[in-house]
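Trainee: One structure coming up, written as structure tokens, with questions to follow.
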Amino acid sequence: MSSGGTIWFWHRRDLRIADNAGLYAALKDAQSCGARVQPVFIFDRHLLDGLLRRDRRVSFIHHSLEELQAAYAAQGATLWVHDGTPADFWQAQLAAGNVQGIYANEDYEPYARSRDTAVAKLAQEAGVRCSLLKDHVIFARDEVLTQARVPYTVFTPYSRSWLARLDAFYLKPYPVEQYLGALARAEPRPVPSLGTIGFDPHPADWPGPQVPDDLLRHYGRTRDFPGQPGTSRLGVHLRFGTLSIRRVASLAQELSSSFLNELIWRDFYQMILWHFPHVVHQAFKPAYDRIPWRDSPEDFARWCAGETGYPLVDAGMRELTATGYMHNRVRMVVASFLTKHLLIDWRLGEAWFAGQLLDFELASNNGGWQWAAGSGCDAAPYFRIFNPESQLQKFDPQLVYVRRWVPEYGTHRYPQPMVPHAAARQRALDVYKAALNAL
Ligand SMILES: Cc1cc2nc3c(=O)[nH]c(=O)nc-3n(C[C@H](O)[C@H](O)[C@H](O)COP(=O)(O)OP(=O)(O)OC[C@H]3O[C@@H](n4cnc5c(N)ncnc54)[C@H](O)[C@@H]3O)c2cc1C
């Protein structure tokens with residue numbers, strides 16, 4: 001590479017400086033060839049234009065960008081924040097001869113892959129190298145395969161291979177701080193306000209990025225009880241990369257194998273999405289696309305509103321609307337209820353979650369929904385149907401969670417169950433069986 005030019009680092013789902021694989025590679029490269037690294041973030045109109053004006057995630061991203069900007073300013077550098085489309089931005093920079101290289105971290109979602117392929121093509125046409133690094137997961141794509149060198153489609157054997165492959169190398173932080181001298185020096189530029197990009201601010205009610213040792217130590221015992229603060233709430237930080245997965249996985253390795261197991265699920269679903277992108281629109285197991293889902297906007301609306309008459313389901317749905325979060329145990333129960341008790345297409349539930357969850361992640365959300373519907377990567381057969389009443393007795397026996405979100409539970413104002421459990425269960429079994437046995 002020639003010296004003295006600008007190497008760009010493009011932040012996407014990695015809104016941090018510390019232990020950032022792509023930023024580290026960009027800085028190291030720049031240092032070796034006398035170039036300077038200019039970081040940029042693009043508010044991508046392809047993604048933003050489909051959102052409501054008041055979106056928790058956009059507020060979270062905006063807040064994280066302000067923190068990132070402050071961190072760059074402390075180094076005498078600045079983060080460019082562009083509002084537009086990635087293709088237009090890169091086309092303009094490349095045409096201006098302002099690009100010696102582009103670095104970013106890999107993103108495994110179908111839209112991101114096509115976006116990155118298009119940008120790489122633009123760069124290639126201009127004779128510029130575009131490099132993508134692994135940062136979002138511990139093991140990506142083909143790094144954990146079966147002995148036959150094909151992707152795993154069942155979690156347990158995948159997790160065994162994942163653990164067998166793990167060593168200190170994969171958890172080692174990238175020492176970005178050693179190379180910060182290669183950042184381009186510039187006066188700080190303010191991050192455009194939320195109003196400028198067409199959004200209203202949302203109260204900053206998201207959890208912090210801390211990972212208390214005690215929480216991890218007790219996680220195996222507390223993680224299933226939605227009334228207790230027994231899980232980390234790190235989903236949003238892992239989604240937007242305000243925390244490094246290597247740091248979180250290192251702590252998990254030291255303190256909690258069950259927490260590490262959940263991080264393996266996260267890698268697993270990213271790997272599935274990479275190899276089987278059809279899951280975004282279709283069942284992972286094609287036979288499940290034959291299920292004749294019920295078309296009932298009224299039942300779907302009751303589920304969304306948390307008025308099903310099943311207190312654990314209703315508490316979860318109300319927690320989701322109020323906070324943008326739902327406990328994992330309850331996500332499983334409400335998803336099972338929608339797809340089995342109400343026989344409503346998992347894609348509708350998935351889309352509802354996608355619009356509400358602060359930690360929305362396409363790979364995990366799709367994986368979770370298909371798992372619940374039985375159509376995904378689950379070794380258990382479709383006839384595992386959660387009983388929402390026994391789940392309540394087991395995981396919220398003192399009704400701590402239910403009372404928090406459904407204060408009218410136990411009064412005459414609380415509705416009767418919208419479908420009786422036994423009959424709904426039998427209907428689901430009959431419909432699934434008939435569809436799966438059909439030629
Ligand atoms: C129907 C359904 C939809 C889901 N949608 C999402 C989603 O959009 N985004 C998302 O990050 N997770 C999703 N999950 C997985 C899981 O429910 C959340 O990751 C978890 O509840 C987030 O809370 P936490 O950060 O306190 O998790 P913790 O229990 O503290 O777990 C730590 C981290 O591990 C990862 N993790 C935990 N469980 C899973 C899992 N089953 N699959 C994948 N990763 C996991 C997450 O990154 C999580 O933040 C979904 C699960 C189901 C059943």
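The values are calculated or read from the model by the stated rules, or taken from the named source; none is laboratory data. Predicted model, so just to flag it, every value in this text is computed and none were measured. Virtual Cβ from ideal backbone geometry, glycine too; neighbours counted across all protein chains shown.
Trainee: Is it true that TRP346 is surrounded by fewer than 20 Cβ atoms within 10 Å (Cβ to Cβ) and within 13 Å of the ligand (Cβ to nearest atom)? Steps first, please.
Mentor: Values: surrounded by fewer than 20 Cβ atoms within 10 Å (Cβ to Cβ): no; within 13 Å of the ligand (Cβ to nearest atom): yes.
So TRP346 does not fit the description; no.
Trainee: If you don't mind, there's one more thing I want to ask. Could you grab the pairs with beta carbons closer than 9 Å, sequence gap of 6+ or different chains, first residue in the stretch 210-237 and on the phi > 0 side of the Ramachandran plot and surrounded by 15 or more Cβ atoms within 10 Å (Cβ to Cβ), second one acidic (Asp, Glu) and not in a helix (DSSP H, G or I)?
Mentor: From residues that are on the phi > 0 side of the Ramachandran plot and surrounded by 15 or more Cβ atoms within 10 Å (Cβ to Cβ), the pairs are ARG233/ASP359.
Trainee: While we're on this one: Give the stretch 203-248 a look and list any residue that's more than 8 Å from the ligand (Cβ to nearest atom) and among the polar types (S, T, N, Q), or say none.
Mentor: GLN210, THR222, GLN228, THR242, SER244
Trainee: Still on this structure: Over 22 Å from the mean Cα position of the chain (by Cα), assigned by TED's automatic domain parsing to the domain that holds TYR103 and exposed (fewer than 14 other Cβ atoms within 10 Å of the Cβ): which single residue out of GLY195, GLY127 fits that description? Lay out the reasoning, then the answer.
Mentor: Details: GLY195 fails: assigned by TED's automatic domain parsing to the domain that holds TYR103.
From the options GLY195, GLY127, the qualifying one is GLY127.
Trainee: Just one of GLN393, GLN398 is in contact (Cβ under 8 Å) with a residue 60 or more places away in the chain and over 30 Å from THR242 (Cβ atoms); which is it? Before you say what the answer is, go through the steps one by one.
Mentor: Working: GLN393 fails: in contact (Cβ under 8 Å) with a residue 60 or more places away in the chain.
The unique qualifying residue is GLN398.
Trainee: Let me ask another. From the residues in the stretch 81-115 that are among the aromatic types (Phe, Trp, Tyr) and crowded, with 18+ Cβ neighbours inside 10 Å, which one is nearest to the chain's Cα centre (by Cα)?
Mentor: Step one: of the stretch 81-115, the residues among the aromatic types (Phe, Trp, Tyr) are 89-90, 103, 108, 111.
Subset that is crowded, with 18+ Cβ neighbours inside 10 Å: 89-90, 103, 108.
Working: PHE89: 26, TRP90: 26, TYR103: 22, TYR108: 11 Å.
That would be TYR108.
Trainee: Restricting the stretch 410-432 to residues that are in contact (Cβ under 8 Å) with a residue 12 or more places away in the chain and surrounded by fewer than 16 Cβ atoms within 10 Å (Cβ to Cβ), which is nearest to ARG294 (Cα to Cα)? So that I can check it myself, show each step before the final result.
Mentor: Start the filter on the stretch 410-432 by keeping residues that are in contact (Cβ under 8 Å) with a residue 12 or more places away in the chain, which leaves 414-419, 421, 424-425, 427-429, 431-432.
Remaining after also requiring surrounded by fewer than 16 Cβ atoms within 10 Å (Cβ to Cβ): 414-417, 429.
Details: TYR414: 25, PRO415: 22, GLN416: 21, PRO417: 18, LEU429: 14 Å.
If we take residues in the stretch 410-432 being in contact (Cβ under 8 Å) with a residue 12 or more places away in the chain and surrounded by fewer than 16 Cβ atoms within 10 Å (Cβ to Cβ), then LEU429 is nearest to ARG294 (Cα to Cα).
Trainee: Taking GLU254 and the conditions (1) more than 9 Å from the ligand (Cβ to nearest atom); (2) buried (at least 19 other Cβ atoms within 10 Å of the Cβ), which numbered condition does it fall short on, given that it satisfies the others?
Mentor: With (1) more than 9 Å from the ligand (Cβ to nearest atom); (2) buried (at least 19 other Cβ atoms within 10 Å of the Cβ) applied to GLU254, the lone miss is (2).
Trainee: Sticking with this structure for a sec: Quick one: is LEU399 of a type outside the set (Val, Ile, Thr), in contact with a Phe, Trp or Tyr (Cβ under 8 Å, 6 or more places away or on another chain) and away from the ligand (no atom under 16 Å from the Cβ)? Reasoning before the result, please.
Mentor: Details: of a type outside the set (Val, Ile, Thr): yes; in contact with a Phe, Trp or Tyr (Cβ under 8 Å, 6 or more places away or on another chain): yes; away from the ligand (no atom under 16 Å from the Cβ): yes.
Taking the combined requirement at face value, the residue satisfies it.
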